[in-house]
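Encoded as structure tokens, the structure appears first; notes follow it.
The values are calculated or read from the model by the stated rules, or taken from the named source; none is laboratory data. A quick note: this is a predicted structure, and the numbers were derived from the prediction, not measured. Here the Cβ positions follow ideal geometry from the backbone for every residue, glycine too, while neighbour counts run over all protein chains shown. Just so you know, the surface numbers come from the protein's heavy atoms only, side chains and all, with ligands and any DNA or RNA stripped out. Shrake-Rupley method; radii C 1.70, N 1.55, O 1.52, S 1.80 Å.
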Amino acid sequence: MTLRWAMVGGGGGKIGPAHLEAARRSGGFTLVAAAPSSRPEVAAAMDWGCPTTADWRELLTAGLDAVSIVTPNHLHMEMAKAFDAAGVAVICDKPLGRTLGEVEGWSPSRPFIVTYNYTAYPAVRRARQMVADGALGEVRLVRVAWAQDVMMGATAEAGWRGDVARSGPGGTLADLGTHCFHIAEFLTGRRITALAAEVEDFGAPTPRQAAMLCRFEGGLRGDLWFSQVTPGAAKGLEVLVAGTKASLRWRLAAPDDVQMLAVGELADAPPALPADLWRDGFIDAFAALYADAARTIRGEESLAPGYADGVRGMRFIDAALRSGGDWVGL
């Protein structure tokens, strides 16, 4: 039996249809209602296959098992708390809110899943198991980097991401950095305990690029680098985990492949997938996250990131913004 599910937001961008298709592929959810946008003309631009409303509060009494919140950041916590109080499990886009203060001091009473979808790729989960099984030996270094060019050009500040009141101060720390942070902890099974970050805004209202050194539990070291102002970059997410026996690499451009490299071994990067195959794999990974979400909501074990993972993402943003190049604890 599938879960009665609704989606709030997602009517005006690319990620809403991705959520919808992923949930359907997962086989765990049936869309029974949607509030795609507060603007009726935006909601009507797509056939959702269910009744829609411009007022998300109408869904609080719709007899839902779960809801996905796919809105600008400033609405996440207001909606999440309202649905949680109504007895509805929440699937929420990251970051959880605009600031750490918005998310600390509250705990959901119902299952809560955060959409760190990149750790749902089968190859990333395979890499996590390889690390846990000791295939790399003692892990010494983890590096996660992600380059994009989406915040370049005349339309870079258009929409809610260019409005600090709606997006929060995180900028690329929220958009890319929280994913990189979660991937680093997910793969190694160790928490980052401190970081020293250099954050650049290049005259924009929020950060556009950041580089940081990281200290992990158990003495592991690493670094994160991400940018949304790198010309020509698109699917530029890359991961390296180095151990005493071998290293592994994973690239978003070739998401099905995990490269294992021994001492002295050189390997060419696997070819990037064509756009249509890449998108299909992206939706499949998102569907795996939704399948995990369904298991979590049913009380079963899964790897779905929870509310605590979302709060850690907000602590990461806060620490990076405060760092100024100095070491800051998380």
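Of the numbered conditions (1) part of a helix (DSSP H, G or I); (2) surrounded by 22 or more Cβ atoms within 10 Å (Cβ to Cβ), Ile69 satisfies every one except a single condition; which is it?
Only one criterion is unmet by Ile69, namely (1).
With respect to Gly153, is the statement that it is on the phi > 0 side of the Ramachandran plot and either open to solvent by 10 Å² or more (accessible area, probe 1.4 Å) or assigned to a helix (DSSP H, G or I) (or both) true?
yes
Within the bounds of region 293-300, is there any residue that is outside any loop (DSSP other than H, G, I, E, B), of a type in the set (Gly, Ala, Ser), open to solvent by less than 20 Å² (accessible area, probe 1.4 Å) and farther than 19 Å from Ile113 by Cβ?
no
Say whether the condition of being open to solvent by less than 50 Å² (accessible area, probe 1.4 Å), more than 20 Å from the chain's Cα centre (by Cα), over 21 Å from Asn73 (Cβ atoms) and modelled with pLDDT of 95 or more is met by at least one residue in region 183-193.
For region 183-193, residues open to solvent by less than 50 Å² (accessible area, probe 1.4 Å), more than 20 Å from the chain's Cα centre (by Cα), over 21 Å from Asn73 (Cβ atoms) and modelled with pLDDT of 95 or more: absent.
Residues being touching a residue at least 40 places away in the same chain (Cβ under 8 Å), within 15 Å of Thr119 (Cα to Cα) and outside any loop (DSSP other than H, G, I, E, B): count how many of those fall in region 249-277.
2
Is it the case that some residue within region 9-25 is open to solvent by less than 40 Å² (accessible area, probe 1.4 Å), touching a strand residue (DSSP E or B) at 6+ places or on another chain (Cβ under 7 Å), assigned to a helix (DSSP H, G or I) and farther than 21 Å from Asp284 by Cα?
Within region 9-25, not a single residue is open to solvent by less than 40 Å² (accessible area, probe 1.4 Å), touching a strand residue (DSSP E or B) at 6+ places or on another chain (Cβ under 7 Å), assigned to a helix (DSSP H, G or I) and farther than 21 Å from Asp284 by Cα.
Taking Gly87 as meeting all but one of (1) outside any loop (DSSP other than H, G, I, E, B); (2) open to solvent by 30 Å² or more (accessible area, probe 1.4 Å); (3) within 18 Å of Phe112 (Cβ to Cβ), write down the number of the exception.
(1)
Ala197: touching a helix residue (DSSP H, G or I) at 6+ places or on another chain (Cβ under 8 Å), part of a helix (DSSP H, G or I) and open to solvent by less than 60 Å² (accessible area, probe 1.4 Å), yes or no?
So Ala197 fails the test.
Kindly check whether there is at least one residue in region 132-149 that is in contact (Cβ under 8 Å) with a residue 40 or more places away in the chain, β-branched (Val, Ile, Thr) and not in a strand (DSSP E or B).
No, every residue in region 132-149 fails to be in contact (Cβ under 8 Å) with a residue 40 or more places away in the chain, β-branched (Val, Ile, Thr) and not in a strand (DSSP E or B).
Only one of these is open to solvent by 10 Å² or more (accessible area, probe 1.4 Å), at negative phi and in contact (Cβ under 8 Å) with a residue 12 or more places away in the chain: Thr178, Thr172, Thr206, Thr244. Name it.
Thr244
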